[in-house]
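Trainee: After the structure tokens below, expect a handful of questions from me.
Where a number appears in this text, it was derived from the coordinates with a stated rule and is not lab data. All figures in this text were calculated on a predicted structure; none of them were measured in a lab. Using ideal geometry, Cβ is built from the backbone for each residue, glycine included, and neighbour counts are taken over all protein chains shown.
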Amino acid sequence: MADRHPLFKPLVFVGGIVFGFGLGFSHMARPEVVLNFLTFADFGLLFVMFGAAVVSGIAFALMPRVRDTAPLSGNRYERRLKSFDRNVLVGGAIFGVGWGLSGICPGAAYASLGTGNVTILWALAGMFVGAYAQGYARSRVSTDVTPASAD
Amino acid sequence: MFDPVPLALVGALFPNGVSRYAVGGFFVGLGTVLIYVGTGIPAGASTFLESTLSYVSGKSRFQQYVASRDWRLVFTAGIVLGGLLFAATVQSGLLSSGLYEAGSTGERYDIGGVTLWLTEVQPWRLFVGGLFVGIGTRIGKGCTSGHGVCGVGSASKTSIVGVVTFLLVAIATAQVVAVAGVTP
């Protein structure tokens, strides 16, 4: 990471606020609404994730053509590309079990806490324990494949 | 000329309309765009879990995120505050929006004039689900924001496969849990 501009963190903070407000407004911060989507009672939630993907997709497509590096970090503008391997399927399936059981995902859990939903701390505790267990196991078994930059 | 059947079908699929979802999604995307344009970072929400664990664990898996853990903490604090901003404005009725309905989900309570909201989904579902989410997002290289918003927005095949995988499994899981009679 290159030199950070003093406005780096303030911008990340403001971006986070807008992001969290959106999760509140869209009701995705309510597990009940996510569960209604997953049980086909209300398909509206599709518009949250894909709506957000379309909006961000414009920036991901445009920025690399407009400038080489970002003004506040000096980072190169790149798309978010991760290498594909079996882990994407295994991890995705495990994530799906958790999302389907609880109706909550990480970003929505943070926003949910902000809307007053202290009960969501159960989910956040679970996420930290899960991430710790996974990281602990992976640090021990050094078969960790370093992800290549290919898609 | 005007067939009401498709309209009724749309109404059944979207009992709460699509506007509040689309507007909310627009803001989620806008937050992502602000950070990306300024910093070049496609910000995902779940790496925060590991990067924050680097404060308490020396394990290599967490220590690799030391360089980004400060801004990830700031990003997450922003998301929490954004949720509170929604609660203090729209949810409290300070900003009235035709797109917001208090709805039938959860339970509302008031502190100092701010309408807050509590889920009725049982704690064990949240905790056990959270465990799977925490493990899965780290193995699968992303969550609903990393893969779902940034990855799909980048037209990444890996992310599209990831999203389809977790969406299908989540649908199956939620249906099985509902059929088993667990509610809420």
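Trainee: Expressed in nm², what is the orientationally averaged projection area of the convex hull enclosing the Cα positions of region A:11-151?
Mentor: 10.4
Trainee: Remind me, what semi-axes does region B:1-89 give for its equivalent ellipsoid, largest first in whole Å, using sqrt of 5 times each Cα gyration tensor eigenvalue?
Mentor: After diagonalising the Cα gyration tensor, the semi-axes are 39, 15, 13 Å.
Trainee: With 10 angstrom as the radius, rank B:I139, B:I171 by how many other C-beta atoms surround their C-beta, starting from the fewest.
Mentor: Working: B:I139 20, B:I171 17.
Lowest count first: B:I171, B:I139.
Trainee: In Å, what is the Rg of the alpha-carbon atoms in the protein assembly as shown, and how long is Dmax?
Mentor: 19.0, 68
Trainee: Can you list the HN-Hα couplings for region B:108-113, worked out from phi with the Karplus curve (6.51, -1.76, 1.60; θ = phi - 60°), rounded to whole Hz and with x for Gly and Pro?
Mentor: Running phi through 6.51 cos²θ - 1.76 cosθ + 1.60 with θ = phi - 60° gives 9, 8, 10, 10, x, x Hz.
Trainee: A further question on this structure: If I model region B:24-143 as equal point scatterers sitting on the Cα atoms and use the Debye formula, what is log10 I(q)/I(0) at q = 0.13, 0.20, 0.23 Å⁻¹?
Mentor: For region B:24-143 at q = 0.13, 0.20, 0.23 Å⁻¹, log10 I(q)/I(0) is -0.72, -1.25, -1.31.
Trainee: Here is a further query. Assign unit charges at the C-beta atoms only (+1 for Lys and Arg, -1 for Asp and Glu), then state the dipole size of the protein assembly as shown relative to its Cα centre in Debye, rounded to the nearest 20.
Mentor: Once rounded to the nearest 20, the dipole reads 980 debye.
Trainee: For region B:121-184, what mean projected area does the convex hull of the alpha carbons give, in nm²?
Mentor: 4.4
Trainee: Going by how many other Cβ atoms sit within 10 Å of their own, how do A:I94, B:I79, A:I120 line up, fewest first?
Mentor: With the sparsest Cβ surroundings first, the list reads A:I94, A:I120, B:I79.
Trainee: Calculate the dipole size of region A:34-151 relative to its Cα centre from +1 charges on Lys and Arg beta carbons and -1 charges on Asp and Glu beta carbons; express the result in debye to the nearest 20.
Mentor: Charge dipole, region A:34-151, about its Cα centre: 260 debye, nearest 20.
Trainee: About its Cα centre, how strong a charge dipole does chain B have in debye, to the nearest 20, once Lys and Arg get +1 and Asp and Glu get -1 at the Cβ?
Mentor: 700
Trainee: A further question follows. In degrees from 0 to 90, rounded to the nearest 10, what is the angle of the helix B:19-39 Cα long axis to the longest principal axis of chain B?
Mentor: The helix B:19-39 is inclined about 20 degrees to chain B.
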